[in-house]
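See structure below.
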Amino acid sequence: MAIQRCDWVGKEEIYINYHDLEWGKPVYEDSTLFEFLVLEGFQAGLSWITILKKRENFRKAFDNFDYTLISKYDQKKLDELLVCDGIIRNKLKINSIVTNSIHFMNIQKEFDSFSNYIWSYVNYQPIVNGWENINDVPTSIPLSDLISKDLKQRGFKFVGTTIVYSFLQAIGIVNDHLKKCICYKNLALTK
């Protein structure tokens, strides 16, 4: 019997590995949370597989998503990134990483970690949905509306409700694996 996965997973190994090993698993490390926040912002208007294929290039270009270093990027570094092969060379998105890194660290100061901030919205317990069909999965929920609004008020860029919802799914705050998916069963059992 073949392993059942969510309907959005393609046949490419990079997609399968991301789905099986990362997507929807609870993430608590600030460095990983920042990476996902950056990648979700870059994905806006593009497919996730495009971002996955460029992920290693992003890591190299953005100092392994070290938000402390990124917060100190000067115009020279930003100009280098605009001509960097292998990443999405969108000026607004590149500039947003510097802005977001600064606000990310401000949240860390206020809440002791970004993880405390983001997980407090769900009382540190993942939301486990039970979708039967990919068409039932929403693109946003009231929680993503609330977090998006707060992040925007704090000065973050590229954090609309759809991006935030994708972020919440990726970091495991929301388990949106379909009920038929092997990952849904595994994550639901560990809740």
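No other residue among ILE118, ILE107 is hydrophobic (A, V, I, L, M, F, W, C), crowded, with 18+ Cβ neighbours inside 10 Å, in a helix (DSSP H, G or I) and free of Cβ contacts under 8 Å to residues at least 60 places away in the same chain apart from ILE107. Restricting the range 1-55 to residues that are out of contact with any Leu (no Cβ under 7 Å at 6 or more places or on another chain), of a type in the set (Val, Ile, Thr) and open to solvent by less than 70 Å² (accessible area, probe 1.4 Å) leaves a set whose member that is nearest to VAL98 (Cα to Cα) is VAL38.
Looking only at the range 5-13, decide whether some residue is over 14 Å from ILE182 (Cβ atoms), basic (Lys, Arg) and assigned to a loop (DSSP other than H, G, I, E, B). So far as the range 5-13 goes, yes, one or more of its residues are over 14 Å from ILE182 (Cβ atoms), basic (Lys, Arg) and assigned to a loop (DSSP other than H, G, I, E, B). Of SER113, SER101, all but one fail to be polar (S, T, N, Q), under 14 Å from LEU37 (Cβ atoms) and touching an Asp or Glu at 6+ places or on another chain (Cβ under 8 Å); the exception is SER113. Restricting attention to the range 162-179, the residues being open to solvent by 40 Å² or more (accessible area, probe 1.4 Å) and either assigned to a helix (DSSP H, G or I) or on the phi > 0 side of the Ramachandran plot (or both) number 1.
For TYR184, are the conditions met, namely being of a type in the set (Ser, Thr, Tyr), at pLDDT 95 or above and crowded, with 22+ Cβ neighbours inside 10 Å?
Values: of a type in the set (Ser, Thr, Tyr): yes; at pLDDT 95 or above: no; crowded, with 22+ Cβ neighbours inside 10 Å: yes.
No; evaluated as a whole, the condition is false for this residue.
State whether the residues of the range 59-70 include one that is part of a helix (DSSP H, G or I), closer than 29 Å to ASN129 by Cβ and of a type outside the set (Lys, Arg). Scanning the range 59-70 turns up at least one residue that is part of a helix (DSSP H, G or I), closer than 29 Å to ASN129 by Cβ and of a type outside the set (Lys, Arg).
Residues in the range 23-43 that are among the charged types (D, E, K, R) and assigned to a helix (DSSP H, G or I) were compared, and the one that is nearest to the chain's Cα centre (by Cα) is GLU40.
Of everything in the range 135-147 that's outside any loop (DSSP other than H, G, I, E, B) and open to solvent by less than 60 Å² (accessible area, probe 1.4 Å), which residue is nearest to ILE118 (Cα to Cα)? It comes out as ILE147. Residues in the range 137-153 that are under 30 Å from LYS180 (Cα atoms) and of a type in the set (D, E, K, R): ASP145 only.
Please indicate, with yes or no, whether at least one residue in the range 73-93 is assigned to a helix (DSSP H, G or I), open to solvent by 40 Å² or more (accessible area, probe 1.4 Å), touching a Lys or Arg at 6+ places or on another chain (Cβ under 9 Å) and free of Cβ contacts under 8 Å to residues at least 40 places away in the same chain. Within the range 73-93, one or more residues are assigned to a helix (DSSP H, G or I), open to solvent by 40 Å² or more (accessible area, probe 1.4 Å), touching a Lys or Arg at 6+ places or on another chain (Cβ under 9 Å) and free of Cβ contacts under 8 Å to residues at least 40 places away in the same chain.
The values are calculated or read from the model by the stated rules, or taken from the named source; none is laboratory data. Not measured: the values here are computed from a predicted model. Here Cβ is always computed from backbone atoms with ideal geometry, including for glycine, and neighbour counts include all displayed protein chains. When the accessible area is computed, the model is the full protein with side chains, heavy atoms only, and any ligands, DNA or RNA have been set aside. Shrake-Rupley method; radii C 1.70, N 1.55, O 1.52, S 1.80 Å.
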